[in-house]
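First comes the structure, then the notes that go with it.
The values are calculated or read from the model by the stated rules, or taken from the named source; none is laboratory data. All of these numbers come straight from a predicted model, not from anything done at the bench. Ideal geometry is used to build each Cβ from the backbone, glycine not excepted, and the neighbour counts take in all protein chains shown. Calculation scope for accessible area: heavy atoms of the full protein, side chains included, ligands and nucleic acids excluded. Shrake-Rupley method; radii C 1.70, N 1.55, O 1.52, S 1.80 Å.
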Amino acid sequence: MGILALAADERVAALRCTDDTLSVDLMDGRTITAPLVWYPRLANASKAQRENWQVCGGGYGIHWPDVDEDLSTEGLLRGAPSPEYRPAKSARGTKKKPNRSFQRTGKKRQPLNS
């Protein structure tokens, strides 16, 4: 018994940008949505600058000439943020202070009575 695999067409069909998200529709019907903060140049751009985009790279890339930003559908599918993206300190995960009530005291445990 064979498995029928549909050919994925990862070329850009359409793009939408809100104040918070970037959504890219692919030719094969999938939609990739990523947080806009992952792409600081786009996040800091005006609405008009974000709307001025063009397909490049044979259909597998997107270019914003006004902010000199380029994204690929491959990177979007991998969930790769821009190398310029720096998460907020609160999202980086700070070291938690140890819970002192569960730390070893150095005392030997008493056996449980049955």
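Overview of results
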| item | result |
| --- | --- |
| Packing-based order for 39-45, 75-81, using average beta carbon neighbours within 10 Å, highest first | 39-45, 75-81 |
| Cα-projected label distance for Asp19 with Ala80, points at 7 Å along beta-carbon direction, nm | 3.1 nm |
| Amide hydrogen neighbours beyond the local backbone of Val67, cut-off 5 Å, H modeled | none |
| For Leu15, distant residues with modelled amide H under 5 Å away | Asp25 |
| Accessible area per residue in Å² at 1.4 Å probe, computed on segment 27-68 | 56 Å² |
| Ranked order, Thr73, Thr21 - accessible area, probe 1.4 Å, largest first | Thr21, Thr73 |
| Net dipole in debye of segment 1-80 [+1 Lys, Arg Cβ; -1 Asp, Glu Cβ; about Cα centre; nearest 20] | 100 debye |
| Rounded to whole Hz, the Karplus (6.51, -1.76, 1.60) HN-Hα couplings of segment 11-23, x for glycine and proline | 7, 6, 9, 7, 9, 10, 10, 9, 5, 10, 9, 10, 10 |
